[in-house]
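Visitor: Attaching a single structure in structure tokens format; questions to follow.
Read-outs: derived from the displayed coordinates by stated rules, not from any lab. Since we're looking at a predicted model, the values are computed, not measured. Glycine gets a Cβ as well: all are built from the backbone with ideal geometry, and neighbour counts include every protein chain shown.
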Ligand SMILES: [Fe+2]
Ligand SMILES: [Fe+2]
């Protein structure tokens, strides 16, 4: 397994569920609700699994390769995007299912998520394949699959401050490496 493949698989599932929503009659509010609820929970779980497992590993690998600046920027962007996606999901709940306002809120969540996935696939996933070997990517894939399985019913959506998130993840990476890694310096603080 490879964590970058599992993340791509999740992205495909998200695109698939948005596409399913677009093909259901607006009068079928019970069906729309059921599929949206599943998609919303999955989007939140996916973002949190990345924040728990993928982005700390990306930062750690970037620091070890003395390329902390690039992975820090990518992680700051990702955490910012995840907050936007969580906020867009929360906005959907303010609208009655099947109304124009509900469709517009779902479309905004789709846009936020699509833009983020494209960037994440182009940057974070690509860099991680270059920085981490297959054995490490397999180990993280197991952890990622376990996290999603254990939390399949959903997680509490919590926005995170991107700069604090990166600082804490780097501090943990330094502790895990017994202080042998040089920790990157955040450019934006
Ligand atoms: Fe993400
Ligand atoms: Fe993702």
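Visitor: Between Rg and the Kirkwood Rh of the chain, both from Cα atoms, what is the Rg to Rh ratio? Intermediate results must be reported in sequence, preceding the final value.
Guide: On the way: Rg = 17.5 Å, Rh = 17.3 Å.
Radius of gyration over Kirkwood radius for the chain works out to 1.01.
Visitor: When a footprinting reagent is the concern and you count Cβ atoms within 10 Å, what order do 82, 95, 12 take, fewest first?
Guide: By the 10 Å Cβ count, ascending: 12, 95, 82.
Visitor: So what's the back-of-envelope 222 nm ellipticity for the chain, counting only DSSP H runs of four-plus at -39500 (n - 2.57) apiece and dividing by all residues, rounded to 500?
Guide: Using -39500 (n - 2.57) per qualifying helix, the result is -24000 deg cm²/dmol.
Visitor: Same structure again: Indicate the gyration tensor shape class of segment 56-123 (rounded, prolate or oblate), computed on the Cα atoms with a ≥ b ≥ c the square roots of the eigenvalues: a/c under 1.5 is rounded; otherwise a/b larger than b/c is prolate and the rest oblate.
Guide: Since a/c reaches 1.5 and a/b is larger than b/c, the shape of segment 56-123 is classed as prolate.
Visitor: Can you put 59, 131 in order, fewest other beta carbons within 10 Å first?
Guide: Details: 59 23, 131 20.
The fewest-first ordering by Cβ neighbours comes to 131, 59.
Visitor: Cβ neighbours within 10 Å, averaged per peptide: list 144-152, 102-110 in order, most packed at the top.
Guide: Descending mean neighbour count gives 102-110, 144-152.
Visitor: For a test of the definition: using alpha carbon positions, the gyration tensor, and the 1.5 limit on a/c, classify segment 1-102 as rounded, prolate or oblate.
Guide: Cα axes put segment 1-102 in the prolate bin.
Visitor: While we're on this one: 7 Å from Cα along Cα→Cβ at both residue 64 and residue 23: what's the point-to-point distance in nm?
Guide: 4.3 nm
Visitor: Which angle from 0 to 90°, rounded to the nearest 10, does the C-alpha axis of helix 29-49 make with the longest principal axis of the chain?
Guide: 10 degrees
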